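Notes follow once the structure below has been shown.
Where a number appears in this text, it was derived from the coordinates with a stated rule and is not lab data. The shown structure was predicted, so the numbers you read here are calculated from the model rather than taken from an experiment. In this analysis, Cβ positions are derived from the backbone assuming ideal geometry, glycine residues included, and neighbour counts consider all displayed protein chains.
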Amino acid sequence: MLSERIVTDVLLAALSTGGDFAEIFMEDTYNTSISMIDGKVEQGVNGRDYGVGIRIYQGFRSVYAYTNNTSRENLMKVALEAAAALAGSRQVQSIVLNRMCVEKFNPVRLEPQRVGQKEKVEVMKRAHNAAANFHEQISQVAITYLDVDQSVFIANSEGLMVDDRRIRTRLGINAVASKGNEKQSAFRGPGRHMGFELYEQIDVEEIARDAAQSAVTMVNADYAPSGKYPVIIDNEFGGVIFHEACGHGLEATSVAKGASVFAGKLGQKVASEIVTAVDDGSIPNAWGSQNIDDEGFKTRRNVLIENGILKGYMIDRLNGRRMGMEPTGNSRRQSYKYAPTSRMTNTFICAGESTKEEIIANTEYALFARRMGGGSVNPATGEFNFAVAEGYIVRNGKIEKPVRGATLIGKGSDVLLKIDMVGSNLATGQGMCGSLSGSIPADVGQPTIRVTEMTVGGRKEAE
Amino acid sequence: MDVRQFKDKVFQAGREAGLEEMEIYAVSSKDLSIRVFQKEVDDYTLSVGQGVGFRARFAGKIGYAYAETLDEDSVYMLVEGAKANAQIIDSEDEIVFFAGAEDYPTVKAYNPELEQVTPEAKIEYAKELEKEAFAADERVSLVNWAAVGYREAEAYIANTLGLEQSFSRNGAYTYVSALVKENEQVKSGGRSRYSNSWADFNARELAKEAVGEAASLLNADTVKSGEYRVLLRYDVVRTFLATFASVFSAEAVQKGLSLLAGKLGEQIASPLVTLIDDPLLENGAASTPFDGEGVPTRTKDVIAAGELKTYLHNLKTAKKDGVESTGNASRASFKSTVGISPTNFYIKPGELGYEELVRELGSGLIIISVQGAHSGANPVSGDFSLGAYGYLVEDGKIARPVDQITIAGNFFQLLQDVEAIGSDLEFGGPGMGGNVGAPSLIVTKLAVAGN
């Protein structure tokens, strides 16, 4: 993308005022998004994101600048402007670049850019038809199609020079069910780090019917009872609870500044002993996987919690400096417009020993959250909130009835200790995670788990 | 190349490719954001960015494309991309381009003095924020955010019907958040502000408010579940307004995604409630003389004394309803297709000060923060169930802090249940778009889940 000569000159310019490390991140991304409502294509947008981000460190200080104009002249100007935010004399005199080859473990067979818009629309129509025809109460179906083809080039003053290409494909299915004046919607969003061959591997119709089923069930459901009682959280997207309530607190972004409840707790018991949790950016073709992270480090499997004991954090280069620890391949950013920081990739609670049926059969009374909605957390206090997208009441070992409108609140650190059953049915779901370095694709996951007690918010008084 | 030259090239290439009407919407911006941590500049990000959104009619349908670099490759990519996308559109919606108007309102939203504030002065200010936060209370264990930012942006729109307009705006924002620790208990409090007058940025005042709030929440506990009369602080009301703003969009109404369908002229809120959309507000974060389609903007009551007066329209929805566009076509960015959104959108303040509202509440809950509005609120049904915290009020006085609760209800019911409106109108900071404003208000009841 950029010549070695320009890269070296720009990095040296960035280091002219005493910086001890500089990095260039260049991106050229083509993306497609198409939206369909009620079977009709409403909009299609093709876009090209293009630019360069330049980062400089001086000790723990960090300066970041970005631009769309990648001429040598402008890059030199931006590098010097960024450098002007630091004060000192040059420490790095010369840079020798070494091209690094990365193992590409996320094979792509059908590049989305080579697939016509009409074929993409065909997939959307299949999803639409399956959901729309599922039940007479389905009043609207909205489908979104997305693909992203991101080429990146990363070089730094330690001599690293590497490039990578990330191709991701995703389908969003939103089904709305109506009954009288009431409406309930359900969303499914299967996606992978792969090309258009995704649609040979997933059953689009079945996923669309599942969304429709969920919306219909909820529109006919009563409101959830509020109060403190046991909660069973199902596998797959249920892992968003771990992602929000614990994962964010294990990112070096919060840990390095002591702004996390998990700071300083390595080696201590932070969860029930049946809980083991992992972040793994090296799973072939998973939604949150990358061959390398956005600082050029290889992604890998990082054990966060093992049998209840805190084993590790997710660490980027700058926070690694602050913490005196090695980066873990977790540095990510939405685009060149963001400085990278420690983020999750594919994060999940590992499989345990119980079956889902056993968990339900052994429960006297609980909320069964079959499908979680989104949530958020304050990493400083660990306080979280989640919406339950599809819930049921379990009574005397059986699923009794669907309930809607439930919210789960609590503290991540408390919940981890209160997990008393872990299922064997680990599965993952796809999400977009928003944080300091923008919105990035991330897998969440877990088997079915049971929490002895959580605060359930809802519109109805406790039963 | 310059955006005007680029426009000419794209229109030329588009004509050769058989495109009919074409439109360019370009944004160029300059940003600086600074964050201080432990007396050092922890993050310093500066950027000069640009981007061009392109839409064009081909065989009667509209296709979109965007690019961030104004080179020959982008000219080709925009024309071919928009043409390919036009060919997959099924929607029968009639899209009209706007030829421009004789007159546009005069709007002031660019303050040249703000541009003159040096990076050094901003760094000093951020350091001051952190220092003042630590000074405000000895229990402050960490100031996890002490940040300030500046942004200026110019929007430019031109089409083949002759429309050509541009407008510049600038503003600064600041955010401070502190953790207060006592007996292993940690509480956080934050404050943000958006303005394009540097004089509005008072580090001490902002830090004191943030820390004071965190400290006031120490030893919070939950409350008994049940229905409570509630005072929603201005920033919580703002969150509700921002979360449910889409129900006022004619697009949502026409698609059956707003329960306000068919309610024009009806009493949808308490007579105390007047909701205003004011694009002409001086120095407002969303002030603009023209909207995302180049239509002149105007100020209007969306709700007047409880009565629903209008939906928010762009040209497409207006045509469908046989009315005039309200000038609310929006482009969330140059990458976005044309949608609808409010501009400076606020509830008209009442007479009562905050203290008077607390007395007026008598007994009930004050909610000062809600969490999870992006997931726990459903704009279609109006239902919400959100994590919350605040204070328990007894005999018109704050009795103690409250946390670990959820509040649940319905937005449309909440509008009807407004019993009192405060005078403390304040617009939001970054992340809230800066363009939504509200005073504090009292509502009859919300369902609270606690113990």
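For this structure, a couple of remarks:
- Radius of gyration (Cα atoms) of the stretch A:227-457, expressed as a multiple of 2.2 N^0.38 Å: 0.97.
- Using alpha carbons only, the radius of gyration of the stretch B:302-385 set against its Kirkwood radius gives Rg/Rh = 1.08.
- 222 nm mean residue ellipticity, helices alone, for the protein assembly as shown (DSSP H n ≥ 4; -39,500 (n - 2.57); rounded to 500): -6000 deg cm²/dmol
- Taking 4 °C and 1.567 mPa s as conditions, the stretch A:336-392 diffuses translationally at an estimated 86 µm²/s according to Stokes-Einstein applied to its Kirkwood radius (Cα pairs).
- Residues whose placed amide H lies under 5 Å from that of B:Thr299, excluding near-sequence neighbours: none
- Model label points for B:Asn202 and B:Asp301, set 7 angstrom from Cα along the Cα-to-Cβ axis, are 3.3 nm apart.
- Average beta-carbon neighbours from other chains, 10 Å sphere, peptide B:404-416: 3
- Order by protection proxy (mean Cβ within 10 Å, highest first), peptides A:93-102, B:328-337, A:343-352: A:343-352, B:328-337, A:93-102
- Couplings 3J(HN,Hα) of the stretch B:21-38, computed from phi: 5, 9, 9, 10, 10, 10, 10, 10, 9, 10, 10, 9, 10, 10, 10, 10, 9, 6 Hz, in residue order, whole Hz [Karplus 6.51 cos²θ - 1.76 cosθ + 1.60, θ = phi - 60°; x for Gly and Pro].
- For the stretch A:227-457: lysine pairs under 17 Å (alpha-carbon distance), excluding those fewer than 8 apart on one chain: 9
- In this structure the amide hydrogen of B:Glu426, modeled in the peptide plane, comes within under 5 Å of the amide hydrogens of B:Ala438, none closer than 5 places in sequence on its chain.
- Legend: mean number of C-beta atoms from other chains within 10 angstrom of residue C-beta atoms, peptide B:81-90, equals 6.
- Calculated P(r) of chain A - Cα pairs past 35 Å, %: 36 percent
- Under Stokes-Einstein, with the Kirkwood radius over Cα pairs as Rh, the value for the stretch B:232-284 at 25 °C and 0.890 mPa s is 189 µm²/s.
- Measuring nothing but how far apart in sequence close Cα pairs (under 8 Å, 6+ apart) lie, relative to its length, chain B scores a relative contact order of 16 percent.
- Karplus 3J(HN,Hα) series, Hz, for the stretch A:277-288 with 6.51 cos²θ - 1.76 cosθ + 1.60 (x for Gly, Pro): 9, 9, 10, 9, x, 10, 7, x, 6, 6, 3, x
- Each 10 Å bin, from zero up to the one with the longest distance, holds this percent of the alpha carbon pairs of the stretch B:120-279: 8, 23, 25, 25, 15, 4, 0.
- The mean of 1/r over all distinct Cα pairs in the stretch A:214-276, once inverted, gives the Kirkwood hydrodynamic radius of 14.9 Å.
- Rounded, prolate or oblate (a/c below 1.5 giving rounded, otherwise prolate when a/b exceeds b/c) for the stretch B:134-195 by Cα gyration tensor: prolate
- Rounded FRET efficiency, nearest 0.05, which uses the C-beta distance separating A:Ile202 from B:Glu115 and R0 of 51 Å: 0.50
- In whole percents, the pair-distance distribution calculated for the stretch A:344-463 from its alpha-carbon pairs, binned every 10 Å from zero, is 12, 41, 37, 9, 1.
- Semi-axes of the equivalent ellipsoid for the stretch B:98-184, Cα gyration tensor, largest first, Å: 44, 14, 9
- Cα→Cβ-extended label distance, 7 Å offset, between A:Glu357 and B:Val323, nm: 5.7 nm
- Each 5 Å bin from 0 upward holds the following percent of the Cα-Cα pairs of the stretch B:309-451: 2, 8, 13, 18, 20, 15, 10, 7, 4, 3, 1.
- Translational diffusion coefficient (Stokes-Einstein; Kirkwood radius from C-alpha pairs) of the stretch A:321-415 at 25 °C, 0.890 mPa s, in µm²/s: 147 µm²/s
- Zone of B:Lys255's modelled label, taken as backbone nitrogen in the stretch B:325-345 under 12 Å from a point 7 Å along Cα→Cβ: B:337-340
- Each principal axis of the Cα cloud of the stretch B:373-446 was taken in turn, and the coordinate range along them, longest first, works out to 36, 25, 25 Å.
- Cβ crowding within 10 Å averaged over residues, with B:110-123, A:33-46, B:348-361 ranked highest first: A:33-46, B:348-361, B:110-123
- Degrees between helix B:72-86 axis and first principal axis of chain B (Cα, 0 to 90, nearest 10): 80 degrees
- Its convex hull of Cα atoms gives chain B a direction-averaged projected area, equal to a quarter of the hull surface, of 22.7 nm².
- Per-residue mean of C-beta atoms belonging to partner chains within 10 Å, peptide A:178-184: 3
- Two-site label geometry, A:Leu266 and A:Asp38: point separation in nm, points 7 Å out along Cα→Cβ: 5.8 nm
- Centroid-to-centroid separation of the stretch A:52-83 and the stretch A:1-24 [C-alpha atoms, Å]: 8 Å
- Semi-axes of the equivalent ellipsoid for the stretch B:183-266, Cα gyration tensor, largest first, Å: 35, 23, 10
- Dimensions (Å) - the stretch A:142-181, Cα atoms, principal axes, largest first: 65, 15, 6
- Rg [Å, one decimal], Dmax [Å, integer] - the protein assembly as shown, C-alpha atoms: 26.7, 75
- Note: relative contact order over the stretch A:227-457, using C-alpha pairs below 8 Å and six or more positions apart, is 31 percent.
- Contour excess over end-to-end distance, with Cα ends at A:Arg395 and A:Gln113 and 0.36 nm allotted per residue: 96.4 nm
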